[in-house]
There are 2 protein chains.
Amino acid sequence: MEPGRNRKNRMALLEAGRSMNRAFSVRELHTAARDAAPRLGLTTAYRTMERWREEGWAEEAGTRGGEAVYVLCAAQGHHHHVVCVDCGATALLEGCALEPARESARTAGFDLLDAALGSLPARCQACAGADEQSA
Amino acid sequence: MEPGRNRKNRMALLEAGRSMNRAFSVRELHTAARDAAPRLGLTTAYRTMERWREEGWAEEAGTRGGEAVYVLCAAQGHHHHVVCVDCGATALLEGCALEPARESARTAGFDLLDAALGSLPARCQACAGADEQSA
DNA sequence: TAGCATAATGACAACCGGTTTCACTATCGT
DNA sequence: ACGATAGTGAAACCGGTTGTCATTATGCTA
């Protein structure tokens, strides 16, 4: 993460993203970062997220309310995590739990795109409990 | 699939969807069905797809070129299939290849949403070969 | 068969997330 | 300082999807 230019904005976005501790949309990131950098534009937030994805710091984790949401993850190499579709809470999975699926796909003549499965949709205990209440 | 009203349009859409034999967007469905029902509107295609999803005949299988794509599947009960992200080709996976992942998620306190994982992104042999050529 | 209630339809407009444009600014190297 | 260039942000734009609403098709009943 080169210091580069316009350190202020980038640092505000990075700080905001890291303090989320969950999956978040670009709009949420922008709103959070504006506390520290009021003049920050939404366009820059989108461009920064695109850059983070290119550099491997972030990956898309589905959508929530029509908006794409992303997770920050510095873990290198092959890994997967689960993301609560309701609140965005995340957890890193130990080992590669998708190897059987990959093998099964292979016998069908398909190459499973693990890269697109970095984030598996799930529901955390808190949100599952809230569901039961409202039901 | 109740005969219901406006049998003509629904049958044209159903026929078009079934003859696809791959994942397709609503616009593609509409275009294909128009051969048999020229006056069919795009709005109805969208509404029909929504209905199919509610009734469990179709499920979303990601996006291609900015459009959501869907797969038709009459298989009942728990199952997963792979979908080629390039051409939309599909294959049904034997057994539940995601059980290890589900178990791994559970130990992390998350409930894996198998329903949202009905279609796993992959690449078929044909498209993988085409990739090598263009590379 | 005529007439009514209602689901379904389709042209069109509105909506919304996301991207592009473009004039302007901040930063770096010299 | 100063020129070159990456970065920025407001606003226009884009395309997929959804909402609106007057019209039409269908089933039911008399």
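Values quoted throughout were computed directly from the atomic coordinates according to the rules given, and no laboratory measurement underlies them. Bear in mind that the values here come from a model prediction, so they are computed numbers and not experimental data. When we count neighbours, we look across all protein chains shown, and the Cβ atoms used for this are built from the backbone with ideal geometry, even at glycine.
Pairs of alpha-carbon atoms within less than 8 angstrom and 6+ residues apart define the contacts here; what relative contact order does segment A:65-135 have, in percent?
With pairs under 8 Å counted, the relative contact order is 35 percent.
Whose Cβ in chain A comes nearest the axis that rotates A onto B, and by how many Å?
A:PRO100, 3
Using alpha carbons only, what's the Rg to Rh ratio of segment A:49-105 with Rh from Kirkwood? Please report the intermediate quantities before stating the final value.
Working: Rg = 12.7 Å, Rh = 12.7 Å.
Rg/Rh for segment A:49-105 comes to 1.00.
How long are the three semi-axes of the equivalent ellipsoid for the protein assembly as shown, computed from the Cα gyration tensor as the root of 5 times each eigenvalue, in whole Å, largest first?
After scaling each eigenvalue by five and taking roots: 35, 23, 21 Å.
Taking amide H atoms as placed 1.01 Å from N in the peptide plane, list the residues 5 or more away in sequence, or in a different chain, whose amide H sits under 5 Å from that of A:LEU113.
Residues meeting the amide H criterion: B:ALA122, B:ARG123.
Shielding of B:27-40 by partners, i.e. mean partner chain Cβ atoms within 10 Å per residue? Please report the intermediate quantities before stating the final value.
On the way: counts 0, 0, 0, 0, 0, 0, 0, 0, 0, 0, 0, 0, 0, 0.
Partner-chain Cβ atoms within 10 Å, mean over residues of B:27-40: 0.
If contacts are Cα pairs under 8 angstrom and at least 6 residues apart, what is the relative contact order of segment B:11-133 in percent?
It rounds to 23 percent for segment B:11-133.
Can you show me the helix-derived [θ] at 222 nm for chain B, built from DSSP H runs with n ≥ 4 at -39,500 (n - 2.57) apiece and divided by the number of residues, rounded to the nearest 500. Please report the intermediate quantities before stating the final value.
Values: 5 runs with 56 residues, N = 135.
One gets -12500 deg cm²/dmol as the mean residue ellipticity at 222 nm.
Tell me, what is a quarter of the convex hull surface for the C-alpha atoms of segment A:11-135, in nm² with one decimal? Can you show the working numbers first?
Details: hull surface 38.8 nm².
Its average projected convex-hull area is 9.7 nm².
Segment A:38-109 to segment B:89-119: how many Å between their Cα centroids?
If you average the Cα positions of each part, the centres end up 17 Å apart.
Compute the normalised compactness of segment B:12-64: alpha-carbon radius of gyration over 2.2 N^0.38 Å, N being the residue count.
Here the answer is 1.04, to two decimals.
How many percent of DSSP beta bridges within the protein assembly as shown run antiparallel, rounded to 5?
Percent antiparallel among DSSP bridges in the protein assembly as shown is about 75.
Summarise the partner chain shielding of A:82-93 as one whole number: the mean count of Cβ atoms from other chains within 10 Å of each residue's Cβ.
3
Taking each residue in A:120-128, count the Cβ atoms of any other chain within 10 Å of its Cβ, then average. What number comes out?
On the way: counts 11, 8, 13, 6, 5, 3, 1, 2, 3.
Neighbouring Cβ atoms belonging to other protein chains average 6 per residue here.
List every residue whose amide H lies under 5 Å from the amide H of B:ALA89, counting only residues 5 or more places away in sequence or on a different chain, with H placed 1.01 Å from N in the peptide plane.
B:ALA23, B:CYS84
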